[in-house]
Amino acid sequence: MNPAPGPHLSADDFDAWLSGALAPDTGEHLDRCPECQERADGEREIVAMLDSLSLMSPTPGFADRVMLSVALPDPFALRTLGSFRQRVLATPQAAALAATIAVLIVGSMTASIVWSLGHQQTLAAMGSWLTTEAWNAGWIALRGTASTLIEQPWYTALRSSLDHPARWAMLSAFASLAYVMGVVALRRLLALPAPRMAHVHP
Amino acid sequence: MASTPEWASLTDQQVVLLARGGRETAYRELIRRYERPIFALLFRMVRDRELAEDLSQETFVKALNAIDSYRPEFKFSSWIFKIANNAAIDHLRRRELDTLSLDGSPHAETPEAMQATALQIGARQESPLDAVEAKELGGAIEVAIGRLRPEYRSCILLRHVEGRAYEEIAEILNLPLGTVKTYIHRARNELRLLLAHLKE
């Protein structure tokens with residue numbers, strides 16, 4: 001019988017053989033070398049034994065026990081700066097997009113400042129014209145609203161009903177109460193939420 | 001109300017994104033996907049069922065509470081296995097366990113506690129005879145794995161029980177690829193020697 005060609009199989013060769021990816025020339029050596037065959041059989045037996053190890057699971061209710069200690073994030077909470085930076089730098093594309101947006105914002109702000117400094121008289125004239133126009137528009141709107149209100153059929157009755165000072169006092173008290181209630185409601189809405197804890201599924 | 005996604009069709013990364021949005025069901029899906037492999041790895045690392053369950057719980061709580069720090073360009077499995085392996089190695093450094101008890105934790109003081117912490121063979125086998133044979137064979141290999149150095153144990157379990165690629169094992173264990181290969185070869189050699197008596 002011809003001796004096996006080439007050197008004995010290395011550890012990497014045995015790995016390749018176990019994965020079914022042994023090079024043909026090395027495979028030829030393995031076919032003819034009893035020493036390597038014995039080693040390969042041993043490796044295969046060990047891998048088969050490891051592969052046949054029993055499946056194991058934690059005791060029932062494991063997920064519930066884990067979830068009791070997990071704080072779920074509030075989807076509406078603001079992301080921290082660290083988290084934001086991590087997302088921005090997550091991929092080269094995201095980082096390039098963020099850099100482009102930053103350059104556009106800074107560039108347009110710089111251009112705006114430079115133009116303003118060079119055209120101060122134009123800006124002052126534009127500001128004056130805008131102020132006058134806004135004042136006129138506001139005055140027209142106020143007059144229009146007031147005349148519309150006075151022309152309403154219920155206006156006279158409302159005015160006569162508020163002639164007595166006691167009625168003004170009641171109206172003021174009602175408005176103050178509504179204001180206080182509004183402030184309390186707003187405070188409750190703006191209060192920071194406590195971290196939500198997962199609940200146990202039955 | 002948000003619709004229920006088809007979990008099976010989602011990748012780990014997609015499930016993580018849903019979890020980051022505060023969906024409890026996404027957290028539970030991640031636990032469902034990894035509770036068995038993480039528990040099995042930890043059990044075979046620390047050789048105590050009760051302790052393995054505590055470490056598994058610690059692993060998931062740590063990972064899920066830090067889900068925002070997970071970087072999606074890496075595999076979620078690598079990330080959670082790394083946390084689990086670190087938990088096991090930390091424990092083994094703190095406390096040495098020399099003997100494997102298939103009948104229960106070496107720290108169990110009553111028969112009930114030993115029963116509760118005993119290794120529970122799964123449902124791969126059918127008949128009682130098969131179960132006994134499998135327990136004997138499985139017991140021998142479990143004992144042999146328990147005698148390996150912890151770093152060999154992590155490598156061999158991740159490679160041949162969990163089926164992870166060498167590159168992923170290197171990432172999980174924070175070791176060079178060559179070192180991982182060497183550890184796996186040495187672990188297989190040691191197992192072959194430790195199990196040689198079964199062939200006689």
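Each reported figure results from applying straightforward, stated rules to the coordinates on display, with no laboratory input. The shown structure was predicted, so the numbers you read here are calculated from the model rather than taken from an experiment. Cβ placement follows ideal geometry from the backbone for every residue including glycine, while neighbour counts extend to all protein chains displayed.
Restricting attention to segment A:141-170, which chymotrypsin sites (Phe, Trp or Tyr not before Pro) occupy a DSSP loop and are surrounded by at most 11 other Cβ atoms within 10 Å?
Passing sites in segment A:141-170 are A:Trp154.
For chain A, modelled as a GNM whose springs connect Cα atoms under 10 angstrom apart, the maximal fluctuation among A:Ala146, A:Ala23, A:Ala137 occurs at A:Ala23. Restricting the GluC sites (Glu not before Pro) of segment B:1-55 to loop positions (DSSP other than H, G, I, E, B) with no more than 14 neighbouring Cβ atoms within 10 Å leaves B:Glu6.
Look at the stretch A:41-53: the mean tally of other chain Cβ atoms within 10 Å of its residues' Cβ atoms is 6. GNM, chain A, Cα, under 10 Å: largest mean-square fluctuation among A:Pro34, A:Pro92, A:Pro153? So, out of A:Pro34, A:Pro92, A:Pro153, the one fluctuating most is A:Pro34.
Footprinting exposure proxy ranking of A:Tyr179, B:Tyr70, B:Tyr183, fewest other C-beta atoms within 10 angstrom first, gives A:Tyr179, B:Tyr70, B:Tyr183. Counting Cβ atoms of other protein chains within 10 Å of each Cβ in B:143-152 and taking the mean gives 1. Of the residues B:Met45, A:Met126, the one with the fewest other Cβ atoms within 10 Å heads the list, and the complete ranking is A:Met126, B:Met45. Sequence-distant contacts, meaning Cα pairs under 8 Å at least 6 residues apart, place the relative contact order of chain A at 31 percent.
What the Cβ-Cβ distance of B:Ser69 and A:Ile101 gives, at R0 = 25 Å and to the nearest 0.05, is a FRET efficiency of 0.50.
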